[in-house]
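Peer 1: So that we are looking at the same thing, I have put the structure below in structure tokens.
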Amino acid sequence: MFACIFVPNFHVAAVFRAEPELRARDVAIFEGKPPLEKVFAMNESAGRVGIAPGMTKAQAELCSELTLRPRSLLQESVAHAALLDCAQSFSPRVEDVAADTVLVDLEGMESLFGSLPEIGRSLFRRAADLGLDGNVAVASNPDAAVLAARGFCGVTVIPPGQEAEFLGSLPVEVLFGDRIEGKEREGKQKEDVWGKKSECLLATLKRWGICDLRSLAALPEIALSERLGQGGLRLQQLARGAASHTLVPVEAPAVFEEAIELEHPIVLLEPLAFLLNRLLEQICARLTARALATQELRLTLELQNLAGVDPQLDTFGIPSESDASHSTVQSSAQYFVSGRQSKFCRTLRLPLPMLDPKLFLKLLQLDLNAHPPGAPIMKIHLTAEPARPRSAQGGLFLPPSPEPEKLELTLARIAGLVGEARAGSLELLDTYRADGFRMRRFVSEGLPETNRREAAAEEKTAVAALRRFRPPLRATVTLENEDLARVVCSKKREVQGNVLWKVGPWRSSGDWWEREAWARDEWDIALQNADSVALYRLVHDLLGGGWFVEGTYD
Amino acid sequence: MSSAVVSTSAAQGRLCVFAIEEGGEVCPQPSEAELFTEGRPLQRAFSTSSFSTSKDARLAGITPASRLARPAPEMVSSGIAAMDDLTEGLPRGCLTEICGPASSGRTTLLLAALAASTRRGECCVLVDASDALDPHSAAAAGVELDRLLWVRCGENSPEKSLEQLLRATDLLLDSGGFGLIVLDLGDLPPQAARRIPLTTWFRFRRAVEHTPTVLLAVERQSIAGSCSSLLIKLGPIKPRARVSEQPMDSQFPPPSHAQVLTGLEITAELVRSRMDRKPVRSAEITFSSRTAWAG
């Protein structure tokens, strides 16, 4: 058995998928170069008010309630990808018949998804979830399924052997339905030839008084062959539901991209969030249909007229030295400038595969708040890198750990508060340089388990800790008989006094082969403060000169 | 049919328990001692068949919430055996304050608590108001750095860093799932730290209540008031040095280049503990810490 999903009026459906609020209005799609733009497709309500294909844009604009949209090949390709995802979510054997039509092989699917009517309804619902209102037909052969989907609204299930009876009521025009889709797939010349042929055949059938498939199926085969040739016989086989072709399965590429082209540029981030929300929901629905999640989201914004809008944009997005030192920052930005438009890219990398559009939206909002695009936005592309969803089971006796989704959002908010490179976990560097460490992303999952029995046995003596002053405090040191006598820090008044006790010095140096060579002498000293004694680490920089109080033992 | 109502009296701010018998015969009102004997007062109150027509008799069955037994919080190790002997550990779901002047051992205690928590396999957070953590000290103390989230505030002014600390703490408490959250206010001037409103500490206490999180604040002076369940005060330290092992006030110390700092002697005082409803007691201990290079 085969199922066919057909999206009627595909060009308008692609626009409705991107802008669902237009469904209740009269909408016409136009294409062509100005000023020769013509109406290309429209919805049913627009047809009722007199809009017809071929009208000029100027004529169509006379209808005040009509909403006009330019044809977007990008939106159509995205809608087609969504249609394939819908089919792929049920069976791996899917044929890409046309931009608006896909065939699904249902062999063996009944044990998984229920009876054929149930599968048909599930396909219908899944397509609706992906923003496409389509017709679904189930039949014993692919051609019959395609004809039924093009001819009947909603879900149709044709029992085996009753194809001719079911299809008989359909008009003969459904046999020539793929004439339009041929435009995208084949060359223009081929399409013209096929168009002329089919128009000729249709006109002949009409002249004979053949209006529905039942009449065509009842014609004598030999007489039909004599008059219309093999093409006519092929049409009759289709009308009887007896024609069949071998399914040509395609493997839908795992590319999850959604895009919106904007008629008017967006300047504020708030309206952008609405559009991002829509794109994210569509991407997540597609990922859900394929049982996938994502670990990386790429947002590309096409900006208008970069030069002259914001002079700061020239340097925006170029990683600084401090960014480079923190190689694991959550997201990265890039600018590409071409002509009068530029592309602004942000990449959101997640520690684990996730699938929550609300979380993604929050993360993108926080990221865009920290790194605004800086120019009006003309086009939005959002791409998700698919990944297998994580499968982990929490243990009853494991210590609590933050939920990864919540943690990611919390970390993004904290990064917005204190700075991107100032929240995370620590990694010590393989160096003797003081304060040699770098920050990296904090993750709560996938950490090695600790042996708690051994850990409990380790408990013991406390280790004296140093509290660092960042940056180290410059100090004025008084020497008496070449010995430390008094230390004064002008920046921190409490760090001053006579040296009561000291140990040291210890000399160390390193990185002499680098530009940032260092050499120093260290003392541990006790200073008499106003009310107590405090221990400090005093450092003498041998290369740069100067004394510094690096920290306090606490 | 007997019924029981547990309600919070907004006017009096007290939790009350009513025991009412409807349509039954009049029974003598049990005494308060009988109703709320130590152990399971609520069950006793619910199962008691009592009936009284007068308002006074009903009120006689009301017990203030403060007198009801509350479950004791789970205590976890602070990472230092001597401290555990003093305080019985750190309470989960409560605020603990460690206060003391500079160089009093606050960071040593802080890192020990972090190390103990990460050894238990928990994720921890250090919200550092003055960006003062020394990563090498943390590693030497046994903190598993992968399990530690370090939030570094304090890039600008103390006011700004305080604001960042409070907002980050709110976010972290809301996120949940951490075993230990440490607020390091140790380098903030007391007058700046005292600007944190008491309502903020109440909010933190409420947020952490009934969670397995230990909320630990390290500061110079106690600023959370009655919101903290445990208050530990640290006194001045004494450094110890190898070779002579003599304290610094020795009459004949060896030359400085012949010595190495081997550790500190820390004095801790338990100022307040609300764990077991005992009256405030003050106990003091002294314990030693060693430096990472002392071996």
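None of the figures in this text is laboratory data; all of them are computed from the coordinates on show. What you are looking at is a predicted structure, and each value in this text was computed from that prediction instead of being measured. Don't worry about glycine lacking a Cβ; one is built from the backbone with ideal geometry, like all the others, and counts go over all protein chains shown.
Peer 1: Please return the longest range in chain A lying between exposed loop sites, taking chymotrypsin sites (Phe, Trp or Tyr not before Pro), DSSP loop only, at most 14 other beta-carbon atoms within 10 Å, and leaving the sites out. Before the final figure, lay out the partial values.
Peer 2: Working: sites that count: A:Phe397, A:Tyr432, A:Trp512, A:Trp513.
Value returned for the longest uninterrupted segment is A:1-396.
Peer 1: What ³J(HN,Hα) values, in whole Hz, does the Karplus curve 6.51 cos²θ - 1.76 cosθ + 1.60 give for the stretch A:139-148 when θ = phi - 60°, with x put for Gly and Pro?
Peer 2: 8, 7, 10, x, 5, 5, 5, 5, 5, 5
Peer 1: What's the angle, to the nearest 10 degrees (0 to 90), between helix A:188-208's Cα axis and the longest principal axis of chain A?
Peer 2: Helix A:188-208 sits roughly 40 degrees off the main axis of chain A.
Peer 1: Let me ask another. Counting other Cβ atoms within 10 Å, which GluC sites (Glu not before Pro) in the stretch B:56-137 have at most 16 and lie in a DSSP loop? Walk me through the intermediate numbers first.
Peer 2: Details: sites: B:Glu74, B:Glu88, B:Glu97, B:Glu122; in loops: B:Glu74, B:Glu88, B:Glu122.
Of the GluC sites (Glu not before Pro), the ones in loops of the stretch B:56-137 whose Cβ has at most 16 other Cβ atoms within 10 Å are B:Glu74.
Peer 1: Under Stokes-Einstein, with the Kirkwood radius over Cα pairs standing in for Rh, what whole-number D in µm²/s applies to the stretch A:2-49 at 10 °C and 1.306 mPa s? Before the final figure, lay out each step's value.
Peer 2: Details: Rh = 11.9 Å.
Roughly 133 µm²/s, to the nearest whole number.
Peer 1: A follow-up question, please. On a C-alpha basis, how far is the centre of the stretch A:489-537 from the centre of the stretch A:47-72 in Å? Whole number, if you could?
Peer 2: Taking the Cα centre of the stretch A:47-72 as reference, the centre of the stretch A:489-537 is 80 Å away.
Peer 1: Another one. Among A:Thr410, A:Ala375, A:Ala421, flag the residue with its Cα farthest along the positive direction of the charge dipole of the stretch A:367-429, charges on Cβ as +1 for Lys/Arg and -1 for Asp/Glu.
Peer 2: Highest projection toward the positive end goes to A:Ala375.
Peer 1: Now, a different point. Once you sort the root eigenvalues of the Cα gyration tensor of the stretch B:75-231 as a ≥ b ≥ c, which label holds: rounded (a/c under 1.5), prolate (a/b larger than b/c) or oblate (the other case)? Mind showing how you got there, number by number?
Peer 2: On the way: a/c = 1.30, a/b = 1.18, b/c = 1.10.
Cα axes put the stretch B:75-231 in the rounded bin.
Peer 1: Average projected area of the Cα convex hull of the stretch A:1-98, in nm²?
Peer 2: Details: hull surface 29.1 nm².
Taking the Cα atoms of the stretch A:1-98, their convex hull projects to 7.3 nm² on average.
Peer 1: On a 30 Å Cα-Cα criterion, which of the cross-link pairs A:Lys57/A:Lys196; A:Lys492/B:Lys233; A:Lys57/A:Lys206; A:Lys491/B:Lys238; A:Lys491/B:Lys160 come out too long?
Peer 2: On the way: A:Lys57/A:Lys196 27 Å; A:Lys492/B:Lys233 24 Å; A:Lys57/A:Lys206 33 Å; A:Lys491/B:Lys238 26 Å; A:Lys491/B:Lys160 18 Å.
Violating the 30 Å limit, Cα to Cα: A:Lys57/A:Lys206.
Peer 1: Provide the net charge surrounding A:Asp521, with neighbours chosen by a C-beta distance below 14 Å and charges set as Lys +1, Arg +1, Asp -1, Glu -1. Working shown, then result.
Peer 2: On the way: positive: A:Lys502, A:Arg507, A:Arg520, A:Arg537; negative: A:Glu482, A:Asp483, A:Glu522, A:Asp524, A:Asp541, A:Glu550.
Residues near A:Asp521 contribute -2 overall.
Peer 1: Considering the Cα trace of chain A, what is its radius of gyration and what is Dmax, both in angstroms?
Peer 2: Looking at chain A, its Cα Rg and Dmax stand at 35.1, 125 Å.
Peer 1: With label points built 7 Å along Cα→Cβ from the Cα atoms of A:Leu428 and A:Gln528, find their separation and express it in nm.
Peer 2: 3.7
Peer 1: Could you give the angle, 0 to 90 degrees to the nearest 10, between helix A:269-289's Cα long axis and the longest principal axis of the Cα atoms of chain A?
Peer 2: Between the helix axis and the principal axis of chain A, the angle is about 70 degrees.
Peer 1: For A:Ala14, what charge total do you get from the other residues with a beta carbon under 11 Å from its beta carbon, if Lys and Arg give +1 and Asp and Glu give -1? Before the final figure, lay out each step's value.
Peer 2: Working: positive: A:Arg17, A:Arg69, A:Arg71; negative: A:Glu19, A:Glu76, A:Asp100.
So the environment of A:Ala14 carries a net charge of 0.
Peer 1: Okay, next question. Using 0.36 nm per residue of separation minus the Cα-Cα distance, give me the extension gain between A:Glu516 and A:His371 in nm, one decimal.
Peer 2: Contour length minus the Cα-Cα distance gives 49.1 nm.
Peer 1: Just from its helices, what would the mean residue ellipticity at 222 nm be for chain A, if runs of 4 or more DSSP H residues each count -39500 (n - 2.57) and the sum is divided by every residue, rounded to the nearest 500 deg cm²/dmol? Before the final figure, lay out each step's value.
Peer 2: Values: 17 runs with 180 residues, N = 554.
So the helix-based figure for chain A works out to -9500 deg cm²/dmol.
Peer 1: Using a basic spin-label model with each label point 7 Å from the Cα along Cα→Cβ, how many nm lie between A:Gln59 and A:Ser77?
Peer 2: 3.2
Peer 1: Would you please state which residues of the stretch A:269-292 a label at A:Arg388 would reach in this model, taking the label point 7 Å out along Cα→Cβ and a backbone N cut-off of under 18 Å?
Peer 2: A:287-292
Peer 1: Can you put A:Leu62, A:Leu123 in order, fewest other beta carbons within 10 Å first? Kindly include the intermediate steps, with their values, before the conclusion.
Peer 2: Details: A:Leu62 10, A:Leu123 26.
Least crowded to most crowded, the residues run A:Leu62, A:Leu123.
Peer 1: Scan the stretch A:1-97 for GluC sites (Glu not before Pro) in coil per DSSP, keeping those whose Cβ has at most 15 other Cβ atoms within 10 Å, and list them by number.
Peer 2: Details: sites: A:Glu21, A:Glu31, A:Glu37, A:Glu44, A:Glu61, A:Glu65, A:Glu76, A:Glu95; in loops: A:Glu37, A:Glu61, A:Glu65.
Taking the stretch A:1-97 and a limit of 15 other Cβ atoms within 10 Å, the loop GluC sites (Glu not before Pro) found are A:Glu61, A:Glu65.
Peer 1: Still on this structure, please answer the following. Size of the dipole of chain A about the Cα centre, Lys and Arg at +1 and Asp and Glu at -1 on the beta carbon, nothing else charged, in debye to 20? Display every interim value, and only then the final one.
Peer 2: Details: 63 positive and 75 negative charges, 124 e Å.
Here chain A has a charge dipole of around 600 debye.
Peer 1: Would you tell me the mean number of C-beta atoms belonging to other protein chains that fall within 10 Å of each C-beta in A:157-167, as a whole number? Present the calculation step by step, with values, prior to reporting the outcome.
Peer 2: Details: counts 0, 0, 0, 0, 0, 0, 0, 0, 0, 0, 0.
Other-chain Cβ atoms within 10 Å of each residue's Cβ, averaged: 0.
Peer 1: Continuing with the same structure: Assign one of three labels to the stretch A:95-137, namely rounded, prolate or oblate, based on the Cα gyration tensor with a ≥ b ≥ c the square roots of its eigenvalues; rounded applies when a/c is under 1.5, prolate when it is not and a/b is larger than b/c, and oblate otherwise.
Peer 2: On the way: a/c = 2.51, a/b = 1.35, b/c = 1.85.
It comes out oblate by the Cα gyration axes.
Peer 1: Given the options B:Ala81, B:Leu171, B:Ser117, identify the residue whose Cα lies farthest towards the positive end of the charge dipole of the stretch B:75-231 (+1 on Cβ of Lys, Arg; -1 on Cβ of Asp, Glu).
Peer 2: The residue sitting most towards the positive pole is B:Leu171.
Peer 1: Considering the convex hull of the alpha carbon atoms of the stretch A:473-554, report its projected area averaged over all viewing directions, in nm², one decimal. All intermediate terms of the calculation are to be shown ahead of the outcome.
Peer 2: Values: hull surface 22.8 nm².
For the stretch A:473-554, the mean projected area of the Cα convex hull comes to 5.7 nm².
Peer 1: Then there is this: Mean separation of Cα pairs under 8 Å and 6+ residues apart, divided by the residue count of chain A: what relative contact order is that in percent? Intermediate values should be presented prior to the final figure.
Peer 2: Working: 969 pairs, mean separation 54.8, N = 554.
Averaging sequence separation for qualifying contacts and normalising by length gives 10 percent for chain A.
Peer 1: Want the number for A:Ala52 to A:Ala254: 0.36 nm per residue separation, take away the alpha-carbon distance, what's left? Show your work: numbers first, answer last.
Peer 2: Details: separation 202, 0.36 × 202 = 72.72 nm, distance 3.75 nm.
Result for the pair: 69.0 nm of gain on full extension.
Peer 1: Can you give me the Kirkwood hydrodynamic radius for the stretch A:195-239, using every pair of distinct Cα atoms, in Å to one decimal? Walk me through the numbers before you get to the answer.
Peer 2: Values: mean 1/r = 0.0962 Å⁻¹.
Every distinct Cα pair counted, the radius reaches 10.4 Å.
Peer 1: What Kirkwood hydrodynamic radius, in Å, does the stretch A:353-430 give when the mean of 1/r is taken over all pairs of distinct Cα atoms and then inverted?
Peer 2: Values: mean 1/r = 0.0642 Å⁻¹.
So the Kirkwood estimate lands at 15.6 Å.
Peer 1: Could you give the dipole magnitude of the stretch A:1-120 about its Cα centre, charging the beta-carbon of Lys and Arg +1 and that of Asp and Glu -1, in debye to the nearest 20?
Peer 2: Numbers: 10 positive and 17 negative charges, 116 e Å.
I would put it at about 560 debye.
Peer 1: Given the options B:Thr107, B:Pro212, B:Ser229, identify the residue whose Cα lies farthest towards the positive end of the charge dipole of the stretch B:75-231 (+1 on Cβ of Lys, Arg; -1 on Cβ of Asp, Glu).
Peer 2: Sorting the options by dipole projection puts first B:Ser229.
Peer 1: Quick one: net charge of A:Thr204's neighbours, Cβ under 15 Å, K/R +1, D/E -1? Could the numbers behind the result be given before it?
Peer 2: Details: positive: A:Lys196, A:Lys197, A:Lys206, A:Arg207, A:Arg227, A:Arg234; negative: A:Glu173, A:Glu199, A:Glu226.
Its environment carries a net charge of +3.
Peer 1: Let me ask something else. Rounded to the nearest 0.05, what FRET efficiency do A:Arg25 and B:Arg195 give with R0 = 45 Å and r taken as the Cβ-Cβ distance? Could you check?
Peer 2: Values: r = 56 Å, r/R0 = 1.24.
Efficiency for this residue pair is about 0.20.
Peer 1: Here is a follow-up. Just report the Cα centroid separation between the stretch A:345-414 and the stretch A:222-260, whole Å.
Peer 2: With the stretch A:345-414 and the stretch A:222-260 each reduced to a Cα centre, they are spaced 44 Å.
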